[in-house]
Amino acid sequence: MKLAGRVAIITGGGSGIGRAGAALFAREGAFAALVDRDGNGVAETLAMLRESGGEGSIHVGDVGDADFARLTVEGVAASRGRLDVLMTAAGFSCGGTVVDTDPADWDAVFRANVGGTWLWARAAVPIMQRQRKGAIITLASQLAIAGGKGNSAYIAAKGAIIGLTRTMAVDFATDGIRVNALAPGAIDTPLLRHSFARHADPDAVREASLQRHAMKRFGRAEEIAAAALYLASDDSSFTTGVVLPVDGGWLAA
Ligand SMILES: NC(=O)c1ccc[n+]([C@@H]2O[C@H](COP(=O)([O-])OP(=O)(O)OC[C@H]3O[C@@H](n4cnc5c(N)ncnc54)[C@H](O)[C@@H]3O)[C@@H](O)[C@H]2O)c1
């Protein structure tokens with residue numbers, strides 16, 4: 001097992017990529033602290049983990065809340081005695097160009113995606129510095145590299161996460177902390193389905209997105225979890241500041 005005895009916090013653990021990451025980390029021996037604003041989602045994930053012999057805890061709140069981040073991170077580290085992995089997968093998009101995005105929606109997208117990365121890393125880094133070891137995995141998007149249509153707040157937020165990932169990687173490299181980002185292509189999760197549903201012709205947008213991947217299919221959350229496990233484990237011990245596309249060839253095509 002690649003994460004035996006380790007402690008991981010996974011935000012967005014109630015659905016999609018966060019859930020799949022938590023399930024895989026737990027199968028690899030980690031304790032998985034599941035964070036999400038969706039209490040039912042994290043309860044379902046915890047039940048899944050336990051069915052396959054895993055261990056974890058649930059923490060319900062808004063990842064953009066600085067006190068919630070600090071109290072959760074410090075509480076998990078205190079009760080489990082350490083913190084090895086932070087995966088920040090909570091996030092959502094609102095759609096819209098810069099002209100038709102409402103400022104309140106823009107702020108909410110930044111609060112969840114960028115705040116939900118920064119505040120959790122801010123709480124986790126001092127603990128990892130004391131251990132002289134830690135792995136932080138952030139969630140960017142292939143769209144932050146390639147660009148994309150009608151999704152300005154989300155794409156800008158994911159670009160900010162790439163910058164944040166690189167600056168944290170550099171700041172804490174000599175403390176034994178590695179910080180890397182995943183840049184998934186379109187992954188079949190509720191987030192993707194909601195983003196198609198915003199359009200007048202969801203089937204046409206879905207088909208165009210599918211065809212944009214060299215592999216002509218969407219990814220599965222488990223395929224992102226497998227890459228997250230690489231970045232969380234000692235297999236990637238010399239890897240930091242990387243933005244790893246897991247995108248079915250979107251960026252290459
Ligand atoms: N699905 C994709 O195609 C895709 C592609 C690239 C990047 N991503 C990124 O991967 C991450 C996971 O996405 P997913 O597809 O699994 O989405 P998802 O909707 O299935 O899961 C996201 C989870 O985050 C939680 N969440 C959202 N905002 C929150 C907040 N403010 N506080 C607490 N919890 C919050 C939701 O409740 C949900 O459980 C996101 O950051 C997303 O932007 C997804």
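Report whether or not Ile137 is within 16 Å of the ligand (Cβ to nearest atom) and outside any helix (DSSP H, G or I). Yes; evaluated as a whole, the condition is true for this residue. Just one residue in the set Ser57, Ser79, Ser93 is touching a strand residue (DSSP E or B) at 6+ places or on another chain (Cβ under 7 Å) and farther than 20 Å from Ala232 by Cα; that residue is Ser93.
Only one of the numbered conditions (1) at pLDDT 95 or above; (2) surrounded by fewer than 19 Cβ atoms within 10 Å (Cβ to Cβ); (3) of a type in the set (D, E, K, R) is violated by Lys158, and that is (2).
Quick grid of which residues meet (1) modelled with pLDDT of 95 or more; (2) more than 29 Å from Ala173 (Cβ to Cβ):
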residue	(1), (2)
Ala186	yes, yes
His194	no, yes
Ala200	no, yes
Leu210	yes, yes
Phe218	yes, yes
Glu222	yes, yes
Ala225	yes, no
Leu231	yes, no
Asp234	yes, no
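Ile155 meets all of the listed conditions (1) in a helix (DSSP H, G or I); (2) farther than 19 Å from Ala252 by Cα but one, namely (2). The condition (being touching a strand residue (DSSP E or B) at 6+ places or on another chain (Cβ under 6 Å) and over 25 Å from Asp175 (Cβ atoms)) is satisfied by just one residue among Thr88, Thr45: Thr45. Of the residues making up region 111-125, none is at pLDDT below 95, within 15 Å of the ligand (Cβ to nearest atom) and surrounded by 15 or more Cβ atoms within 10 Å (Cβ to Cβ). Of all residues being aliphatic (A, V, I, L, M) and in a helix (DSSP H, G or I) in region 89-117, which is farthest from Ala23 (Cα to Cα)? Just the residue, please. Looking at residues that are aliphatic (A, V, I, L, M) and in a helix (DSSP H, G or I), I get Ala104. What residue, among those in region 47-88 that are outside any helix (DSSP H, G or I) and hydrophobic (A, V, I, L, M, F, W, C), is nearest to the ligand (Cβ to nearest atom)? This residue is Val63. From the list Ala232, Ala186, Ala221, the lone residue that is within 19 Å of Phe92 (Cβ to Cβ), in contact with a Leu (Cβ under 8 Å, 6 or more places away or on another chain), surrounded by 17 or more Cβ atoms within 10 Å (Cβ to Cβ) and of a type outside the set (Ser, Thr, Tyr) is Ala186.
For region 25-43, a residue qualifies if it is surrounded by fewer than 17 Cβ atoms within 10 Å (Cβ to Cβ) and more than 21 Å from Leu231 (Cβ to Cβ), and the qualifying residues are Asp38, Gly39, Asn40, Ala43. Just the residues that are more than 27 Å from Leu71 (Cα to Cα) and of a type in the set (A, V, I, L, M), please, taken from region 125-179. Within region 125-179, Leu143, Ala144, Ile145, Ala146, Ala153, Ile155, Ala156 qualify. For Arg6, the criteria (1) over 19 Å from Ile137 (Cα atoms); (2) crowded, with 18+ Cβ neighbours inside 10 Å hold in every case but one, which is (1).
Of all residues in region 33-48, those being farther than 14 Å from Ile9 by Cβ and touching a Gly at 6+ places or on another chain (Cβ under 7 Å) number 3.
Scanning region 79-128 for residues that are among the polar types (S, T, N, Q) and free of Cβ contacts under 8 Å to residues at least 60 places away in the same chain gives Ser79, Thr97, Thr101, Asn113, Thr117. Of all residues in region 1-44, those that are of a type outside the set (D, E, K, R) and away from the ligand (no atom under 16 Å from the Cβ) total 9. Within region 129-146, residues that are farther than 15 Å from Leu191 by Cβ reach partners that are among the aromatic types (Phe, Trp, Tyr) and within 11 Å of the ligand (Cβ to nearest atom) with beta carbons closer than 8 Å, at six or more positions or on different chains, in the pairs Ala146/Trp250.
The values are calculated or read from the model by the stated rules, or taken from the named source; none is laboratory data. Bear in mind that the values here come from a model prediction, so they are computed numbers and not experimental data. Here Cβ is always computed from backbone atoms with ideal geometry, including for glycine, and neighbour counts include all displayed protein chains.
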